[in-house]
Structure formats: C-alpha cells, structure tokens
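The values are calculated or read from the model by the stated rules, or taken from the named source; none is laboratory data. Bear in mind that the values here come from a model prediction, so they are computed numbers and not experimental data. Heads up, the Cβs are rebuilt from the backbone with ideal geometry, glycines too, and the neighbour counts pull from every protein chain shown. Each accessible area value is taken on the protein alone, full model and side chains, heavy atoms only, with ligands, DNA and RNA left out. Shrake-Rupley method; radii C 1.70, N 1.55, O 1.52, S 1.80 Å.
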Amino acid sequence: MNTEYFKKTFRDIFQAEAVLFKSPGRINIIGEHTDYNGGLVMPAAIDKAVYVAVSKRDDHEIHLYSESYQSKYVSSVAAIQKTEHNWVNYILGVANEMVQRGHQLGGFNLFIYGDVPLGAGLSSSAAVECATAFALNYINQLSIPQMELALISQKAEHTFAGVNCGIMDQFASVFGKKDQAMMLDCRSMEYEYIPLKLDGYKLVLLNTNVKHSLSDSAYNERREQCDKGVNWIKDHHASVEYLRDVTQEMLLAHVKAKDENVYRKCSYVVAEIERVKKAAAALKNGDLSTLGKLMFETHKGLSEDYEVSCKELDFLVDQVKGLDYVLGARMMGGGFGGCTLNIVRDEEIDRLIDNVSVKYLEKFGLKLDAYIVETGNGSQII
Ligand code: ADP
Ligand code: MG
C-alpha cells in the first residue's frame, strides 16, 4: 500500500487532508463452528488488509468513495440507513451503531481501498467495519475501548449486512499480532496469544471460487441441531449451557439413542473444541506437524460428521493429503465453498499450486485462486 498515493488520491477527491487506518483480514487456524457453541477458536490476522482514509467535515454529511467499486455515496449523520450498495452498508452500519450507543459523530469523508479478496472467507467485511470503527473513533475523539470497537463492528454486520456472525472475525481484525495466533474463548471473551512459528512453511489458501446456496439454510440447521443436543443433556445436567460444557460421554448417554444425526453434529463440535486446545499445546511446543494432523482431522469432521463441506473443498484437501511437504489442510469458514487453508513447505508452494490448479480445472472446469498469506498486526492508525 502506497500511503502517499492514497493520501494524494484522497486530497484530489475531497480537497482535505486524511488520516489513514488499516484493518486486516483473518484466517482461522482451527476451531470451526465452535464460536456459537461457546467454544474456542484460533484466528490470526493476515497481511492483507482494508485501508481507509478519513477526514472530519464541517457539516454533518457523510461522503464515501470506494476505490474497488469506483463508486461514490453521499449521506448524512442524521439520515443513516441501509442502502442497496453492499460496500456502503458495512461503513454506515458502523456509524449507525456508534450513534445508537450514544456517541456523537460529526460529518466525515471516507476513502476505502483494500487487498483482502472479497467473499473468499478472509473476512474482508470485518476489515471494512473495523477500519471504519477505528477511523470514526479517532476523528471524533470518542476514546472507545478496542473490544467495544470490535463489538460495534460485529453489530454492524448483524444490522446493516444481515449476517448474524459471531465475534471472531472482528476480534481478530482488531487484536491480531504478527507471528501470533490467538486462542479466543467465545463465551468469556478471554484470549491468549500463541506464537505461530512457521519456519520453512507458509500458510497457503486455495480458493474454490464456489459458494453453494445451501450455506445459509445449513448454518441455521446446524445451530438448531446443536441447541437440540444441549437441551437433551440439560435435562440430566442442569449446569450445561453450551456444547462447550458437554463431553462425548454425555452425548453417548443422552443424545445418540434419540437422534443419530444430532449426535454426530454435536460430537463434531465437542471434538473440535478439544482439537483447539491440542493445537494450542502443539504450537507452544513448536510442533507444527501435530497442528497439521489436527487440521486434517477437523476437515474430516466437517465433511463427514458436521456435513458442511462440498465436493470442491473435499477435492482440494484430498489432493494435498499424503504429500510430505503439506503438514495440514482443511476447509476454512462456514462451508459449502470458500478456501482451504494449507500449511506448505516453502520450496514446494509454486509446484503445489500449479499441480492442483490444473487438476481442479480438469475436474470442475473452475479456476483455482491461491493466496500465500503471512500473519499481520491488527487494526491501527498508519
Ligand atoms: P468476506 O467477509 O468473506 O470477504 P463478505 O461477503 O462478508 O465476504 O464481505 C464482502 C463485502 O465486503 C464486499 O462485497 C464489499 O461490500 C465489502 N468490502 C470488502 N472489501 C472492500 C473494499 N476494499 N472496498 C469496499 N468494500 C469492500
Ligand atoms: Mg464477511
């Protein structure tokens, strides 16, 4: 990102001097579909980010310009509402949430640019929200604590983007640190940095470039299945609140006989929360190969038990399984499309991407996109 070019473009568009903010996208190393079960996740911020340049206005108008969409939008602080422009909603959603919480906002100019791939599961939307939240907090001198900026961003996604997400994406975009993963407890919001030393290896994302329409209905169905399991167990263990509190023994005793399918769904979640703990222990020991094995296990669970994978994701994981230079691979995100996350030995990355791309094209007639990502720092002024 060329900050001088960014500032000059801002000056040309708005005839004002800008302050710049950066918020990264994120990956989730392990801990999938555990967030809404009060469980553990292990995200890391990446080196791809959304950048916003902002300045205060003398009036109460809001002027937005997106570089990616080459598009302008004008509104005002008194008339913030959802629009039919997707990219605008993430920004106005944050402004709206701040106003709802009683913060005084003045008018502002905002220019947005980013290199987080859109809709690939790297949470470009959270990056937009967090960058906006940091920018508005700064120019209005609101002194909102960082955790609240993450929560404001999450709420914007609920209200203005209509996506009922957990806190992981915004949390990672705010609190990420280079060379660190974070183990976040989605119930208590306690978190811990865990060194992610990848010596000789890199994180490679392979994008299926598909998004199957099943995604939303399956997500709701999985949430219901998890709730069902919890409720059956509650009859016997009153203190159980989430699958987080449940053991495999409880599932065998109180769920399996009632509904085999609900059992498999719950069993995946309980196993996955354990895997996050094991992954944290492995990383603390610098044991990347154990982390990799856990990632393959996660994929198997998501595919066969939780049933949120798809043939494209399964194909990509199958292609790298058994290669001695790929330590681990799994689908990442909600499922039914998006990317796989792979830990690949440096020297083999190009060859791997070439090989898998050819096979993916042959098999599905689809282009494969690959991104090599590094970990990066969280939201900041630049
Ligand atoms: P993901 O968060 O997985 O990337 P989403 O569909 O949740 O996918 O969010 C993508 C949306 O976020 C885009 O359609 C766009 O509206 C908005 N967005 C992301 N990056 C930018 C950007 N650089 N400029 C403007 N809008 C962006
Ligand atoms: Mg998103």
Practice prompt. Let me have the relative contact order for the stretch 201-372, percent, based on Cα pairs under 8 Å that are six or more residues apart.
Written response: 34
Worksheet entry | Helix axis angle, 311-320 relative to the chain longest principal axis, alpha carbon, degrees | 70
Response to the item:
Relative to the chain, whose Cα atoms define the longest principal axis, helix 215-234 and its Cα axis are tilted in degrees, nearest 10, by 60
Response to the item:
Simple spin-label estimate for GLU221/GLN380, 7 Å along Cα→Cβ, in nm, reads 4.4
Discussion item. I'd like the antiparallel share, as a percent to the nearest 5, of DSSP beta bridges with both residues in the chain.
Written reply: 90
Worksheet item: Using unit Cβ charges (K, R positive; D, E negative) and no other charged atoms, how large, in debye to the nearest 20, is the dipole of the stretch 3-197 about its Cα centre?
Response: 220
Practice prompt. Before anything else, pin down the relative contact order of the chain: Cα pairs under 8 Å, at least 6 apart, normalised by residue count, whole percent.
Written response: 23
Worksheet, complete the sentence: So the compactness index of the stretch 5-89, its C-alpha Rg divided by 2.2 N^0.38 Å, takes the value 1.45
Fill in: Cα centroid of the stretch 164-196 to Cα centroid of the stretch 1-47, whole Å
14
Worksheet item: With all pairs of different alpha carbon atoms counted, what Kirkwood hydrodynamic radius in Å does the stretch 1-52 show?
Response: 13.6
Discussion item. Considering only C-alpha atoms, what is the centroid distance from the stretch 201-257 to the stretch 330-382, in Å?
Written reply: 26
Discussion item. At 1.002 mPa s and 20 °C, plugging the Kirkwood radius over alpha-carbon pairs of the stretch 201-372 into Stokes-Einstein gives what diffusion coefficient in µm²/s?
Written reply: 124
Worksheet item: What do you get when you divide the Cα radius of gyration of the stretch 3-197 by 2.2 N^0.38 Å, with N the number of residues?
Response: 0.99
Worksheet, complete the sentence: Length gained, ASP369-VAL74, 0.36 nm per residue minus C-alpha separation, equals 102.8 nm
Worksheet, complete the sentence: Computed about the Cα centre, the charge dipole of the stretch 201-372 from +1 Lys/Arg and -1 Asp/Glu charges at the Cβ has a magnitude in debye, to the nearest 20, of 120
Discussion item. Helix-only estimate, please: 222 nm mean residue ellipticity of the chain, summing -39500 (n - 2.57) across DSSP H runs of length 4 or more and dividing by its residues, to the nearest 500.
Written reply: -13000 deg cm²/dmol
Discussion item. Please report the carbon-and-sulfur percent of the accessible area for the stretch 201-372; probe 1.4 Å, protein heavy atoms only, DNA, RNA and ligands left out.
Written reply: 47
Discussion item. Rounding to the nearest 10 and keeping the result within 0 to 90°, find how far the Cα-based axis of helix 146-159 lies from the longest principal axis of the chain.
Written reply: 80
Worksheet item: Here are some pairs, LYS256/LYS359; LYS155/LYS321; LYS258/LYS321; LYS228/LYS311; which of them have Cα atoms lying more than 32 Å apart in this structure?
Response: LYS256/LYS359; LYS155/LYS321; LYS258/LYS321
Practice prompt. Apply the Kirkwood formula to the chain: the hydrodynamic radius equals the inverse of the mean of 1/r over all pairs of different alpha-carbon atoms; give it in Å with one decimal.
Written response: 21.6
Fill in: Dipole-positive endmost among LEU206, ILE233, ASN96 within the chain (Cβ charges, Cα centre)
ASN96
Worksheet item: Residues of the chain: accessible area per residue at 1.4 Å, in Å²?
Response: 42
Worksheet item: Counting Lys and Arg as +1 and Asp and Glu as -1, each charge on the Cβ, what is the dipole of the chain about the Cα centre in debye, to the nearest 20?
Response: 160
Worksheet item: When only C-alpha pairs under 8 Å and at least 6 residues apart count, what is the relative contact order of the stretch 20-169, in percent?
Response: 30
Practice prompt. Give the share of C-alpha pairs in each 10 angstrom bin for the stretch 324-382, from 0 to the last occupied bin, in whole percents, shortest bins first.
Written response: 18, 44, 27, 9, 1
Item to complete: Order these peptides, 301-309, 120-128, 212-220, by their mean beta-carbon neighbour count within 10 angstrom, highest first.
Response: 120-128, 301-309, 212-220
Worksheet item: Tell me, what ³J(HN,Hα) does each residue in the stretch 21-30 have, in order and in whole Hz, if you take phi through Karplus 6.51 cos²θ - 1.76 cosθ + 1.60 with θ = phi - 60° and put x for Gly and Pro?
Response: 10, 9, 10, x, x, 8, 10, 10, 6, 7
